[in-house]
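**Student:** Got a structure for you, questions after.
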Amino acid sequence: MRISEHPILSFRHNKEVHFTFDGKEVTGYEGDTIVSALHALGIWKLSESPVHRRPRGLFCAIGHCSSCLMRVNGVPNVRSCVTPIEEGMVVESQNPRGDLYDHV
Amino acid sequence: MITCDLLVIGGGPAGISAAVAAGKAGLKVLLLEERERLGGQLTKQTHRFFGSVAERAGTRGIAIIKDLETVVAQLENVEVSLSTTALGIYEDGVSTALKSGKMIKIKPKAIVVATGAFEKFLPFENNDLPGVYGAGAVQTLMNIYGVLPARRILMIGSGNIGLIVSYQLVQAGAEVVGVIEASPKIGGYLVHASKIRRLGIPIYPSCTIKKAFGQDRVAGAELVRLDEKWKEIPGSQFTVDCDAICLAVGLNPLIDLLGQSGCQFKYIPELGGQVPIRDESMRTNVPHLYIAGDLSSIEEATAALLEGELAGLSAAKQIRPGQSLEARIEEVKTHLRALRSGPVGEKIRSGLSKLTGEALPTPSPRTNAIDELSRTGIASPANLAGVLPDEKRKKSRAYAVIECYQQIPCDPCVHNCPFGAIKPFSDINDLPIVDFDLCTGCGQCIGRCPGLAIFTVDETRDGDRAKITLPYEFLPKPVREEMVDLLDRSGKCVGQGVVKSVLNTPKQDKTTIVTVEIHRNLVQDVRQIRVVQKS
């Protein structure tokens, strides 16, 4: 949910940025990270855990906990909480896990 | 290979402060920041800072970072490299970093590492469900990206982060169902606790979380009461409905990068866990390697700014001896000591004494009058009695009520009274004392108090009407002659009043000063207003 008005801050949502999440076309704003754009759309589940396939969401938002790892433009294990969205970006849940040899 | 005098890793308050201090001393500085903007946690701190006016107390974190960015931009010998992740510190003095997908090598003469800290986790059933967030993550989402991740939030931990983020969640339009705290006492500053209590947010001391409910995301939580030995009380479980659980249970220094450098560490829980060993000038056991900020010990941003400056100056002194930096170095050390000298600095002092092996300084005298307050966040009649003028004075002129009962390092009120009515402090941890012969009840102090703990009362008129003036930082703003709900210290509605004035000048920086006409009997109960939503 986007905050529409705030007593201290003002948020400028100028330019729309279009990307896909698990094949579906979605829209965020310039300046969003992957996670902030997905949260604004009500998407909290980012991936699943490798062994027990439990849902994984955001935890730290500073790129240190690995809870938000996703596959972005085919590259696995991207920290979606600190990665800005870009036009045409392909964002996918990485289930069950992202292996580097998928990519190289 | 890039060469420079000083490499600073981390562009938060400590790193910026180090870069600025070294830059002003003439060093060629390279400042690396992982994100797209400088500032670290400052960029999301919408509250006013505590501490000394000399270190910008009373100013919001988001305003402090704007000033710092300007200072950095003016220093030609300080280069900032954003979106750059430091990768390694090698024994030959070379550091590596990743920028735009390419590795860069840097060979500096000295390094300041200021990588900050990381939110602690807590073991409980289903703690891995989406919707269990670090409190800092929620603060980032709402204050930087303008995204509210949930509507009903449970806060775990009543330290300053838990209390401040709870307040900011309400400002952003969310509901905080409660703040739970395992200790029998509130951990953070009591003025922060009082701020959220008067919004109606309950604080549960001696309480912890057992489990989270939910399938693909948090739908609720089971909590349990603890006894005086921190053991669960059987049968005391209760559940709350919430769609997010915020963990604000402390921070650990981010030591991974520094761990590669040969720097020695020591486990000191008071400072946040594994911390680098360093001397008073912020130098580690590795020559030319300095640290600053939360990486060295978990503290407020004011301490990070000072430690950063100290590290930057110390590095400058080592690289370019012969400059007259000594006076400022001693001044910064003195400020840091003052900041940590009060009762709330006791934990840090104890931790630092373990680090340096110094004897503990004598503890400062404590006031025992805060016991009930420190459990509830609500001032008792005894607390209040100590800060009010006598009956005769109450009738003669308006007056300020400063509900600041806990010794914390903070002094903006003293410096913002145009009449000198708040007695000068001998120590930054002093409690404010109003000289009611000098106080005119003008209310200049209200918007400058970081704890929003100052109110003015005017009960000079005959009859049953009186006026209270209070700070207000929510939407919608009230308008003149509007009827508003009056809330007491626990957030309970105790009546209605008519708004008589709404002050919103640029100097107040978005803290609206509202005067409400209320019944005389309520002047010492009402501490918050609520604008009645027209449906």
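The values are calculated or read from the model by the stated rules, or taken from the named source; none is laboratory data. Because the structure is a prediction, the values reported are computed rather than measured. Glycine gets a Cβ as well: all are built from the backbone with ideal geometry, and neighbour counts include every protein chain shown. With ligands, DNA and RNA removed, areas are computed over all heavy atoms of the protein, side chains included. Shrake-Rupley method; radii C 1.70, N 1.55, O 1.52, S 1.80 Å.
**Student:** For region B:265-338, which strands (runs of 3 or more DSSP E) that fit wholly inside it have 1 or more residues that are in contact with a Phe, Trp or Tyr (Cβ under 7 Å, 6 or more places away or on another chain)?
**Tutor:** B:273-276
**Student:** Let me ask something additional. Taking region B:424-468, which residues are β-branched (Val, Ile, Thr) and without any contact (Cβ under 8 Å) to a residue 60 or more places away in the chain?
**Tutor:** B:Ile433, B:Val434, B:Thr440, B:Ile454, B:Thr456, B:Ile468
**Student:** Only one of (1) in contact (Cβ under 8 Å) with a residue 12 or more places away in the chain; (2) closer than 30 Å to B:Leu289 by Cβ is not met by B:Tyr267, so which one is it?
**Tutor:** Answer for B:Tyr267: the failing condition is (1).
**Student:** A further question on this structure: Quick one: A:Glu86 ticks every box in (1) at the interface with another protein chain (Cβ under 8 Å from one of its Cβ atoms); (2) closer than 30 Å to B:Gly11 by Cα; (3) modelled with pLDDT of 95 or more; (4) surrounded by fewer than 22 Cβ atoms within 10 Å (Cβ to Cβ) bar one, so which box is it?
**Tutor:** Only one criterion is unmet by A:Glu86, namely (1).
**Student:** Sticking with this structure for a sec: Tell me the strands (runs of 3 or more DSSP E) entirely within region B:1-117 that contain at least 3 residues that are open to solvent by 20 Å² or more (accessible area, probe 1.4 Å) and away from chain A (no Cβ under 14 Å).
**Tutor:** B:102-113
**Student:** When you scan region B:179-254 for strands (runs of 3 or more DSSP E) that lie fully inside it, which ones turn up with 3 or more residues that are open to solvent by 30 Å² or more (accessible area, probe 1.4 Å)?
**Tutor:** B:207-213, B:238-241
**Student:** Moving on to the next point. Taking the conditions exactly as written (in contact (Cβ under 8 Å) with a residue 24 or more places away in the chain, within 20 Å of A:Ile62 (Cβ to Cβ) and surrounded by fewer than 22 Cβ atoms within 10 Å (Cβ to Cβ)), does B:Ile144 satisfy them or not?
**Tutor:** yes
**Student:** Here are some conditions: (1) crowded, with 20+ Cβ neighbours inside 10 Å; (2) in contact with a Ser or Thr (Cβ under 7 Å, 6 or more places away or on another chain); (3) within 12 Å of another protein chain (Cβ to nearest Cβ); (4) not small (Gly, Ala, Ser). A:Arg79 meets all but one. Which one does it not meet?
**Tutor:** All conditions pass for A:Arg79, except number (2).
**Student:** Still on this model: Can you tell me which condition B:Gly220 does not meet? The list is (1) closer than 26 Å to A:Cys60 by Cβ; (2) more than 14 Å from chain A (Cβ to nearest Cβ); (3) within 27 Å of the chain's Cα centre (by Cα), and all the others hold.
**Tutor:** (3)
**Student:** Among the candidates B:Glu358, B:Glu372, B:Glu330, which residue alone is open to solvent by 60 Å² or more (accessible area, probe 1.4 Å), over 19 Å from the mean Cα position of the chain (by Cα) and modelled with pLDDT of 90 or more?
**Tutor:** Going through B:Glu358, B:Glu372, B:Glu330 in turn, just one is open to solvent by 60 Å² or more (accessible area, probe 1.4 Å), over 19 Å from the mean Cα position of the chain (by Cα) and modelled with pLDDT of 90 or more: B:Glu330.
**Student:** Do we have B:Gly451 as within 23 Å of B:Leu163 (Cβ to Cβ), buried (at least 21 other Cβ atoms within 10 Å of the Cβ), modelled with pLDDT of 95 or more and more than 14 Å from chain A (Cβ to nearest Cβ) here?
**Tutor:** Yes; evaluated as a whole, the condition is true for this residue.
**Student:** Moving on. Give me a count of the residues in region A:61-72 that are at the interface with chain B (Cβ under 8 Å from one of its Cβ atoms), among the aliphatic types (A, V, I, L, M) and open to solvent by 10 Å² or more (accessible area, probe 1.4 Å).
**Tutor:** 1
**Student:** Search region A:1-27 for residues being surrounded by fewer than 13 Cβ atoms within 10 Å (Cβ to Cβ) and of a type outside the set (Asp, Glu), and hand back the single one that is farthest from the other protein chains (Cβ to nearest Cβ).
**Tutor:** It comes out as A:Gly23.
**Student:** Filter region B:481-512 for residues that are farther than 27 Å from B:Ile203 by Cβ and either touching a Lys or Arg at 6+ places or on another chain (Cβ under 7 Å) or within 14 Å of chain A (Cβ to nearest Cβ) (or both) and give the result.
**Tutor:** B:Val499, B:Lys500, B:Ser501, B:Val502, B:Asn504, B:Pro506, B:Gln508, B:Asp509, listed by residue number.
**Student:** Do the conditions hold for A:Leu58, that is, is it under 10 Å from the mean Cα position of the chain (by Cα), buried (at least 18 other Cβ atoms within 10 Å of the Cβ), facing chain B (nearest Cβ under 7 Å) and aliphatic (A, V, I, L, M)?
**Tutor:** In short, yes.
**Student:** Return the total of residues in region B:159-176 being crowded, with 22+ Cβ neighbours inside 10 Å and in a strand (DSSP E or B).
**Tutor:** The number of residues fulfilling the criteria is 1.
**Student:** While we're here: Given the residues B:Gly136, B:Gly162, which is the only one that is touching a residue at least 40 places away in the same chain (Cβ under 8 Å), more than 14 Å from chain A (Cβ to nearest Cβ) and under 19 Å from the mean Cα position of the chain (by Cα)?
**Tutor:** The match here is B:Gly162.
**Student:** Step by step: first the residues of region A:31-55, then only those that are open to solvent by 40 Å² or more (accessible area, probe 1.4 Å) and at positive phi, then the one that is farthest from the other protein chains (Cβ to nearest Cβ). Which residue is that?
**Tutor:** By that ranking, first place goes to A:Arg53.
**Student:** Considering only region B:408-525, give the strands (runs of 3 or more DSSP E) lying wholly within it that have at least 1 residues that are among the polar types (S, T, N, Q).
**Tutor:** The qualifying strands (runs of 3 or more DSSP E) are B:454-458, B:465-472, B:493-503, B:512-519.
**Student:** Within region A:29-45, can you find the residues that are under 18 Å from B:Arg35 (Cβ atoms) and either among the β-branched types (Val, Ile, Thr) or in contact (Cβ under 8 Å) with a residue 60 or more places away in the chain (or both)?
**Tutor:** A:Thr33, A:Ile34, A:Val35
**Student:** Something else about it: Can you name every residue in region B:118-149 that is farther than 30 Å from A:Ile8 by Cβ and assigned to a strand (DSSP E or B)?
**Tutor:** The answer is B:Glu125, and nothing else.
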